[in-house]
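Below: the structure, in structure tokens.
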């Protein structure tokens, strides 16, 4: 899956949990889920669970801890999907 | 874990402990009881000359039994072996409450709270919780989630 395609999917998943609409309008790989979008840690868990379903991957604690930005999420999704395809 | 041991681990005390005893303690769910004391402070003002247990207190009771007690049990289960009792700091925060109320609870009533785990992942415990009165009638039900972490 291409980066743009993943970002498009992520944006849809993240939308219901966003508190800062202005930051959401400028959703890009540098967007930080908590700092920019003001998503709380509980909703971050919901997002990760939605990402697992949407991309058919499993995210472990380590990956979860490293998922600060949209770019981090894209990296993790791509990596897991490669493993998946093998 | 034993009920008394689990209740002792709760980070609440009088006048904000809403758990008397626990009956079924499992990995998928939990059942517990609480009697709202007639002398409780909130009846003085809720409502004027007409004491009814406030909904927020009912929700708190649901959360303490259904999410926090269950969460402590799940954290305990997650440990490989029974570790020597080092007191670890339990950190909890309620993250979401979505409860519907059906019947009032009056002073002195004993309620039963049952909770079913929806998921416990990345420190977030989400549960479906129901409260019933002594007649077995549904008082309130809903989804409650919290973050539960034990500091190393």
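The numbers here are math on the coordinates, done by the rules we state, and not lab data. As the structure is a prediction and not an experimental result, all values here were calculated from the model. So basically every Cβ, Gly included, is an ideal-geometry build from the backbone, and we count neighbours across all protein chains shown.
Here are some notes:
- Residue exposure sequence - B:145, A:41 - by fewest surrounding Cβ within 10 Å: A:41, B:145
- Per-residue ellipticity at 222 nm computed for chain B from its helices equals -4000 deg cm²/dmol, with DSSP H segments shorter than 4 residues left out and the rest contributing -39,500 (n - 2.57).
- Rg [Å, one decimal], Dmax [Å, integer] - the protein assembly as shown, C-alpha atoms: 20.9, 70
- When each of B:16, A:27 is scored by the number of other beta-carbon atoms lying within 10 Å, the sequence from fewest to most is B:16, A:27.
- Both radii come from the Cα set of the range B:63-152: Rg as radius of gyration, Rh as Kirkwood radius; their ratio Rg/Rh reads 1.05.
- For chain A, the 222 nm mean residue ellipticity estimated from helices alone, with every DSSP H stretch of n ≥ 4 adding -39500 (n - 2.57) and the total spread over all residues, rounds to -18500 deg cm²/dmol.
- Cα gyration tensor shape for the range A:1-56, rounded if a/c is under 1.5, else prolate or oblate: oblate
- Spatially, the range B:91-152 and the range A:1-58 are offset by 28 Å when compared through their Cα centroids.
- For the range B:3-150: Kirkwood Rh in Å [reciprocal of mean 1/r, alpha carbons]: 15.7
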